[in-house]
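The values are calculated or read from the model by the stated rules, or taken from the named source; none is laboratory data. Computed from a prediction, not measured in an experiment: that's the story for all the values here. FYI the Cβ positions are ideal-geometry reconstructions off the backbone, even for glycines, and counts take in every protein chain you see.
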Amino acid sequence: MKSDKRWLQRQNSDPYVKQARNSSYRSRAVYKLQQIDQRDKLFRPGQLVVDLGAAPGSWSQYVAEKILPSGKLIALDILEMQPIKDVEFIQGDFTEQSVFDQCLQSLGGKRADLVISDLAPNLTGIRDTDQARSMYLSELVLDFASRVLTQHGSLLLKVFEGSGMEQFKRSLSEQFQKVSVRKPDASRAASREFYILARRN
Ligand SMILES: C[S@@+](CC[C@H](N)C(=O)[O-])C[C@H]1O[C@@H](n2cnc3c(N)ncnc32)[C@H](O)[C@@H]1O
């Protein structure tokens, strides 16, 4: 079977795709964040949150409902994103200094309570290369987060199982008091992705 046909079949039978289509959310990805939030109570009104790799925007839609209008949400992606009311969007590569500076400017001298990242690297299909890329991306997210978070701030990021992960978790533990692994139901079992929540308390 052709892979695009298989993809279509999977999309049409996926309960989370159906749920997203029947709601106003832009992607099934929202249910991963919602399930983690139901367990870990990530969001509160008034928080300052940065969403890395935000497009098409379902995570930002969800977070906006939770933290606005008293909070602030900065969404960032290389791709364009349809506007979301009262969410500040920065288009660019988060690894570039100019984009980081724009983010700092949007934070207006404050620091973030939470950085969330659903970033995914461009995959080549070559396992070792993809693993190295995703580990590197995770390290860049950690670096970004450590520069923008408050001293009590938390980081939630998507990672991919593979070599280097144990070392990465150790780096997180050096900066955060509590590091937990989450694989929400909405994350497909066959996918090597999972999420790490790093908290300072
Ligand atoms: C899985 S999607 C995010 C889905 C999103 N959480 C949602 O709920 O709609 C991953 C996003 O990461 C973005 N991305 C990948 N590398 C990036 C980079 N270096 N800087 C900014 N965005 C990046 C991609 O453009 C893509 O939109």
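Points worth noting:
- Of all residues making up the range 139-154, the number that are hydrophobic (A, V, I, L, M, F, W, C), out of contact with any helix residue (DSSP H, G or I) (no Cβ under 8 Å at 6 or more places or on another chain) and within 16 Å of the ligand (Cβ to nearest atom): 3
- Residue in the range 153-175 that is modelled with the highest pLDDT, counting only those that are more than 13 Å from ASP143 (Cα to Cα) and among the acidic types (Asp, Glu): GLU166
- Within the range 148-158, the set of residues being touching a Lys or Arg at 6+ places or on another chain (Cβ under 9 Å) and either surrounded by fewer than 20 Cβ atoms within 10 Å (Cβ to Cβ) or not small (Gly, Ala, Ser) (or both) comprises VAL148, LEU149, THR150, GLN151, HIS152, LEU155, LEU156, LYS158.
- Hey, ILE36 within 16 Å of the ligand (Cβ to nearest atom) and without any contact (Cβ under 8 Å) to a residue 60 or more places away in the chain or not: no
- Residues within the range 107-125 that are surrounded by fewer than 18 Cβ atoms within 10 Å (Cβ to Cβ) and more than 15 Å from the ligand (Cβ to nearest atom), tallied: 6
- Extreme residue, nearest to the chain's Cα centre (by Cα), among residues of the range 148-166 that are of a type outside the set (A, V, I, L, M, F, W, C) and not in a loop (DSSP other than H, G, I, E, B): LYS158
- Failed criterion for LYS32 (all others in (1) under 22 Å from SER134 (Cα atoms); (2) surrounded by fewer than 12 Cβ atoms within 10 Å (Cβ to Cβ) hold): (2)
- Inside the range 96-106, residues that are loosely packed, with under 14 Cβ neighbours inside 10 Å and of a type in the set (Val, Ile, Thr) make up a count of 0.
- When MET135, MET81 are checked against the criterion of being aliphatic (A, V, I, L, M), buried (at least 17 other Cβ atoms within 10 Å of the Cβ), closer than 22 Å to LEU33 by Cα and more than 11 Å from the ligand (Cβ to nearest atom), a single residue qualifies: MET135.
- Selection of the range 103-155 for residues being in contact with a strand residue (DSSP E or B) (Cβ under 8 Å, 6 or more places away or on another chain), under 25 Å from PRO56 (Cβ atoms) and of a type in the set (Val, Ile, Thr) yields VAL115, ILE116, VAL141, VAL148.
- Candidates ALA186, ALA190, ALA145: the one that is surrounded by 15 or more Cβ atoms within 10 Å (Cβ to Cβ), small (Gly, Ala, Ser) and not in a helix (DSSP H, G or I) is ALA186.
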